[in-house]
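Colleague: Okay, here's the structure, questions in a sec.
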Amino acid sequence: MNILVIGQGGREHALVWKLRQSPRTNDIFCAPGNAGTGLEARNVNIAETDSAELVRLARKNRIELAIVGPEVPLCEGVADALRAADVAVFGPTKEAAELEGSKVFCKQLLQKAKVPTASFHVFEDYDQAISHILANQGPCVVKADGLAAGKGAIVCKNEQEAMAAATRILIDQEFGRAGDRIIIEERLAGPEVSVLALTDGTTIVPLPACQDHKAIFDNDEGPNTGGMGAYCPAPVLQEQQAQMVESDILVPVAHAMRQAKRRFQGVLYAGLMLTPGGPKVLEFNVRFGDPECQPLLMRLKSDLVDVLMATAMGKLAEIELEWDPRPAVCVVMASGGYPGSYKKGVPIRGLEEVAAMPDVKVFHAGTKVEGDRIVTSGGRVLGVTALGNDLASAQARAYEAVQMIQFDGAQYRRDIASKAIGSV
Ligand code: AMP
Ligand code: GLY
């Protein structure tokens with residue numbers, strides 16, 4: 001069948017790579033894609049939010065399955081437009097995507113469904129937010145309501161920082177309309193873990209837990225990014241807790257979404273903190289995590305076309321997922337200066353050498369082809385992903401590959417997966 005993947009990050013390259021392995025796959029189109037997807041699919045120069053052009057492309061090329069990778073097109077209704085054109089779509093409707101698109105909607109749904117999460121208050125009015133902060137001194141987290149590319153949560157040590165955060169979002173409008181409302185919530189403590197689950201709205205299939213590394217520098221220092229690396233499975237989530245996550249978080253959320261007439265189909269991604277009082281939800285995303293998707297798909301043995309099609313068609317109960325028992329580690333190589341401003345168009349060397357390494361795959365993110373070279377074109381450039389017999393060997397292999405790739409200004413964390421290996 002012909003398949004359309006929408007997006008241009010490492011997640012979309014991983015999806016294309018895995019879909020390509022299915023005997024059911026004929027052509028894969030990627031809109032707009034990157035240099036990596038261009039090697040394994042046909043890149044088409046259509047913006048990921050351009051519903052009308054995506055529908056036209058789908059009709060013209062008899063697309064039978066479309067996968068919407070990122071949150072922005074999901075929140076803008078791209079999945080709805082394709083579904084209305086009779087394409088099977090993996091990804092939630094615009095209404096269901098509000099679970100990520102509005103943190104206020106998400107928190108209110110969690111509260112109603114009695115799902116463990118930090119206590120919170122919602123403010124539109126700046127003066128009321130400041131009065132609340134002054135009356136409840138101490139650490140808290142201030143969050144913009146809408147989408148902010150993973151940068152809309154400001155963790156505050158004290159009331160000064162909280163007031164500054166409220167000013168940045170409500171007065172300076174640093175996140176535009178996404179900051180028309182804010183949430184001020186209790187600051188939790190503990191290790192973080194991402195639990196992604198496939199759901200067709202009824203059946204829920206949790207995937208092995210992953211751990212992301214959001215901060216730009218080693219030891220989780222510096223500003224947050226989209227994610228600098230991930231590994232899977234994450235042993236920090238023990239079996240008993242994983243069962244609790246399913247029964248006390250994922251099942252009630254899917255149920256609450258059905259009750260709210262926003263039946264959810266696609267990836268339910270729970271960002272969790274493992275507090276002394278048990279796992280609590282920090283946020284929900286409505287798509288595969290990037291970079292979590294990369295180590296997950298490296299380990300998936302099942303046919304991804306079968307899995308995504310069954311989810312899209314409400315037949316997930318018929319699917320049994322098969323995993324490579326070996327762990328996977330993904331190290332993100334980013335442009336110098338990221339998450340601030342950075343140069344583009346920097347040539348990347350060493351990709352051919354790494355392509356010959358077994359159990360290693362370099363997923364492209366911000367890359368493009370310029371003449372006969374591959375150059376950088378974004379903040380996160382590559383996700384160098386490796387399998388190993390244990391986490392330590394997967395980590396060693398990923399870094400061996402990273403060292404073979406060069407581009408001017410390249411930066412990456414040296415400690416991806418170290419927490420789980422116990423060397424930090
Ligand atoms: P979010 O976008 O809501 O996932 O937040 C981004 C990051 O901010 C999370 O990965 C956490 O590291 C941190 N964070 C968010 N909410 C809280 C909270 N209530 N307590 C402590 N840290 C938080
Ligand atoms: N890696 C975090 C995210 O995809 O939101």
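The values are calculated or read from the model by the stated rules, or taken from the named source; none is laboratory data. Here the structure is a predicted model, which means the values were calculated and not measured. We place every Cβ from the backbone using ideal geometry, glycine too, and count neighbours over all the protein chains shown.
Colleague: Any residue in segment 335-343 that is touching a Lys or Arg at 6+ places or on another chain (Cβ under 6 Å), within 17 Å of Gln8 (Cα to Cα) and outside the structural domain of Gln211 (by TED's automatic domain parsing)?
Modeller: Checked segment 335-343: no residue is touching a Lys or Arg at 6+ places or on another chain (Cβ under 6 Å), within 17 Å of Gln8 (Cα to Cα) and outside the structural domain of Gln211 (by TED's automatic domain parsing).
Colleague: If the requirement is being within 16 Å of ligand 2 (Cβ to nearest atom) and either among the small types (Gly, Ala, Ser) or assigned by TED's automatic domain parsing to the domain that holds Gln265 (or both), which of these qualifies: Gly36, Gly10?
Modeller: Gly10
Colleague: Let me ask something else. Here is a check on your reading of the model: is Gln411 farther than 19 Å from Met298 by Cα and in contact with a strand residue (DSSP E or B) (Cβ under 6 Å, 6 or more places away or on another chain)?
Modeller: Yes: the conditions hold for Gln411.
Colleague: Scan segment 280-301 for residues that are assigned to a helix (DSSP H, G or I) and without any contact (Cβ under 8 Å) to a residue 60 or more places away in the chain and report the count.
Modeller: Counting residues in segment 280-301 that are assigned to a helix (DSSP H, G or I) and without any contact (Cβ under 8 Å) to a residue 60 or more places away in the chain gives 0.
Colleague: Could you tell me which residue of segment 217-230 is farthest from ligand 2 (Cβ to nearest atom), considering only residues that are within 20 Å of Leu147 (Cβ to Cβ) and assigned to a strand (DSSP E or B)?
Modeller: Looking at residues that are within 20 Å of Leu147 (Cβ to Cβ) and assigned to a strand (DSSP E or B), I get Pro223.
Yes or no, residue by residue, for (1) in the same structural domain as Phe29 (by TED's automatic domain parsing); (2) within 30 Å of Val307 (Cα to Cα); (3) surrounded by 15 or more Cβ atoms within 10 Å (Cβ to Cβ); (4) away from ligand 2 (no atom under 16 Å from the Cβ):
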{"residue": "Val72", "(1), (2), (3), (4)": "yes, yes, yes, no"}
{"residue": "Cys75", "(1), (2), (3), (4)": "yes, yes, yes, no"}
{"residue": "Arg83", "(1), (2), (3), (4)": "yes, yes, yes, yes"}
{"residue": "Val87", "(1), (2), (3), (4)": "yes, yes, yes, yes"}
{"residue": "Pro116", "(1), (2), (3), (4)": "no, yes, yes, yes"}
{"residue": "Ser119", "(1), (2), (3), (4)": "no, no, no, yes"}
{"residue": "Ala129", "(1), (2), (3), (4)": "no, no, yes, yes"}
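Colleague: Can I ask one more? Failed condition for Val155, given (1) within 16 Å of ligand 2 (Cβ to nearest atom); (2) in contact (Cβ under 8 Å) with a residue 60 or more places away in the chain, with all others met?
Modeller: The one condition Val155 does not meet is (2).
Colleague: Would you point out the residue of segment 246-274, among those that are assigned to a helix (DSSP H, G or I) and within 16 Å of ligand 1 (Cβ to nearest atom), that is surrounded by the most Cβ atoms within 10 Å (Cβ to Cβ)?
Modeller: Ile249
Colleague: Does Gly277 satisfy being loosely packed, with under 15 Cβ neighbours inside 10 Å and either under 30 Å from Asp415 (Cα atoms) or in contact (Cβ under 8 Å) with a residue 60 or more places away in the chain (or both)?
Modeller: yes
Colleague: Does Leu4 satisfy being more than 18 Å from the chain's Cα centre (by Cα), buried (at least 24 other Cβ atoms within 10 Å of the Cβ) and aliphatic (A, V, I, L, M)?
Modeller: Criteria met by Leu4.
Colleague: Can you tell me how many residues within segment 172-216 are closer than 20 Å to Gly289 by Cβ and either part of a strand (DSSP E or B) or of a type outside the set (A, V, I, L, M) (or both)?
Modeller: Total satisfying the criteria: 22.
Colleague: Now for a different question. For the list (1) buried (at least 18 other Cβ atoms within 10 Å of the Cβ); (2) out of contact with any Cys (no Cβ under 6 Å at 6 or more places or on another chain), I need the number of the one condition that Ala162 fails.
Modeller: Every condition holds for Ala162 apart from (2).
Colleague: Check whether at least one residue in segment 164-187 is closer than 30 Å to Glu239 by Cβ and hydrophobic (A, V, I, L, M, F, W, C), and report yes or no.
Modeller: no
Colleague: Then there's this: Is one or more of the residues making up segment 197-208 touching a residue at least 40 places away in the same chain (Cβ under 8 Å) and within 16 Å of ligand 1 (Cβ to nearest atom)?
Modeller: no
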